[in-house]
Amino acid sequence: MDKDERAELIAALHQSTVFAEEMLDLNERLLDALSPGANRPDTDEIESMRLAVARWQDQMAKLRQRMARLTIEPPERTQ
């Protein structure tokens, strides 16, 4: 693995950690909202959560592509 591939792999792993932290935060917010006696999130907050989920779905698709590109080596060509 060369330096560029190593840097790309480290960046992808960092991105996956950030994504996981954001998802855990969102889950905590949703659980708090569903707890008995909790105030329901307002429409703006719900819309913000929906936008975050859409952004994270896009980021996950890109992360999967990056990880596949770094971890799957094409077979060597014989000539």
Checklist entry - Using Cα atoms only, what is the angle between the long axis of helix 43-71 and the major principal axis of the chain, expressed in degrees (0 to 90) to the nearest 10? => result 10 degrees
Checklist entry - Can you pull the Rg over Rh of the chain, Cα-only, Kirkwood? => result 1.22
Checklist outcome for this item: Tilt, helix 3-34 to longest principal axis of the chain (alpha-carbon atoms), in degrees rounded to tens, equals 20 degrees
Checklist entry - Which residues does a label at MET60 reach in the range 1-36, if reach means a backbone N under 14 Å from a point 7 Å past the Cα toward the Cβ? => result 16-27
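Every number here is computed from the coordinates shown, using simple stated rules; none is lab data. Everything numeric here is computed off the predicted structure, so don't read it as measured data. When we count neighbours, we look across all protein chains shown, and the Cβ atoms used for this are built from the backbone with ideal geometry, even at glycine.
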